[in-house]
Amino acid sequence: MLRRSTSWLNRAFPGSLLRLAVLLGLTGVLGACSSVPPAAVAELAPSGALRAAINFGNPILATRDSATGQASGVSVDLSRELAKRLGVPVELVTFPSAGQVVEAMKAGKVDIAFVAIDPVRGADISYSAAYVVIEGAYLVRNDSPIRSNAEVDRPGIRIAVGAGSAYDLYLKRELKFATLVRAPTSPAVVDFFVSQNLEVAAGVKQQLQADAKRVPGLRLLDGRFMVINQAIGTPRGREAGAQYLRAFVDEMKSSGFVAQALARHRIEGAAVAPP
């Protein structure tokens, strides 16, 4: 196939070095596509493009440029790399919260999603292994009598969480006495916590740290109340696609791609998940 294609290269690109560069580029594309099982391509990009859900509710994974509106982050980099390997274009479908990402996947509007591994979501989503590990933390007012994570789960304590977030799902299972009060999205949690005069806010440690600097009179409790394993998910029933995602994530970790992406986007407080 490549031998027959050189005739048009000779006509279109008369310079030998330019012909060689184009031919090597085509070889790379064809090689990347040929290494992926056709069934995996069909399941991960059934529309002809990889529709990747990007969650702006977690700044560890993705952020939006305030000037251009463009998405960037670890999940964006992984989406583009996966699409390149599949040999299809990528379509970034953005959402303000993880809960909306999950609903979009259930509705068949996206093909992959970057979400925390959770047994409730696992009913509808097939996960890769985790690629990044992050921490969930609590935030309180400076004058709060609560000094440690162990003091949060008590009668009368109201905790602000993003609706449908990993923290919402986890705390709903784990809390025995405290009450969850849900904000529309995770980035809105601290403002919601303040406006509703609640006792505790829960979320990504990095987001809460930034909010504590932005809003006076707040402090984080030491440590973490949960570890969050972030993975790539695809709808259940797409087994060939899910199997390829697992191999893809393993390679992205072992090759240093994930670590480089975290460094490139200056992400602190997150670690590459172990093999």
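Within segment 33-46, residues that are under 20 Å from R80 (Cβ atoms) and in a helix (DSSP H, G or I) reach partners that are modelled with pLDDT of 95 or more and open to solvent by 70 Å² or more (accessible area, probe 1.4 Å) with beta carbons closer than 8 Å, at six or more positions or on different chains, in the pairs A40/Q243; E43/E239. Picking from residues in segment 185-220 that are open to solvent by 50 Å² or more (accessible area, probe 1.4 Å) and acidic (D, E), the one that is nearest to L171 (Cα to Cα) is E199. With respect to (1) outside any helix (DSSP H, G or I); (2) in contact with a Ser or Thr (Cβ under 8 Å, 6 or more places away or on another chain), the lone exception for V249 is condition (1).
What about A150, is it modelled with pLDDT of 95 or more, surrounded by 19 or more Cβ atoms within 10 Å (Cβ to Cβ) and either farther than 24 Å from S195 by Cβ or in contact with a Ser or Thr (Cβ under 8 Å, 6 or more places away or on another chain) (or both)? Reasoning before the result, please.
On the way: modelled with pLDDT of 95 or more: yes; surrounded by 19 or more Cβ atoms within 10 Å (Cβ to Cβ): no; either farther than 24 Å from S195 by Cβ or in contact with a Ser or Thr (Cβ under 8 Å, 6 or more places away or on another chain) (or both): yes.
It is false that A150 is modelled with pLDDT of 95 or more, surrounded by 19 or more Cβ atoms within 10 Å (Cβ to Cβ) and either farther than 24 Å from S195 by Cβ or in contact with a Ser or Thr (Cβ under 8 Å, 6 or more places away or on another chain) (or both).
The values are calculated or read from the model by the stated rules, or taken from the named source; none is laboratory data. Because the structure is a prediction, the values reported are computed rather than measured. In this analysis, Cβ positions are derived from the backbone assuming ideal geometry, glycine residues included, and neighbour counts consider all displayed protein chains. Note: areas computed on protein heavy atoms with side chains; ligands, DNA, RNA excluded. Shrake-Rupley method; radii C 1.70, N 1.55, O 1.52, S 1.80 Å.
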